[in-house]
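Asker: Here it is, the structure, as structure tokens.
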Amino acid sequence: MTLDAQDSPTIREAKLAITKDLEKRYTHPDLLDYLHRATILDPRFKSLPFLDEAACDQVYTDLITEIVEHGHQFEAVQAGPSTEAEQPSPISPPQKKTAMSELLGDLFKTTEEQQTKSLTKTIEEEGSGQALP
């Protein structure tokens, strides 16, 4: 939604109106945090392509911490009080992917992935429906 010098006046006005309206709606930090967490849970957008890397890492860390806390609470209810203090293992967020790769997953091959296999092996895999050793 960035303004471009080549935009017509109508497009420029529409972009400004949309940007101004969205800025008012999503200013509360708790709401943004909630929306980012919900976005992570959607498999199509789990790499958070619209955030920078530091913000993405922070959202993942917060979500993992919350999941571990809820898991500990559930275990405490199921097994009684525990004396062990388990530390969550650090999990890094997934690599940034293209929109097609996020949407189609293994069905979508990037050119880098295609170049690592020989043409013969690719044809055999596609023909049999499974990877060969």
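Coordinate-derived values only; no laboratory data. Bear in mind the structure is a predicted one, so any value in this text is a computation, not a measurement. Cβ coordinates were reconstructed from backbone atoms using ideal geometry, including for glycine residues, and neighbour counts include every protein chain displayed.
Asker: Measuring from label point to label point, each 7 Å out along Cα→Cβ, what is the Y34 to T19 span in nm?
Answerer: Inter-label distance under the simple model: 2.7 nm.
Asker: For the pair T61/F74, report the inter-label distance in nm, with labels modelled 7 Å from Cα in the Cβ direction.
Answerer: In this crude spin-label approximation the distance works out to 2.5 nm.
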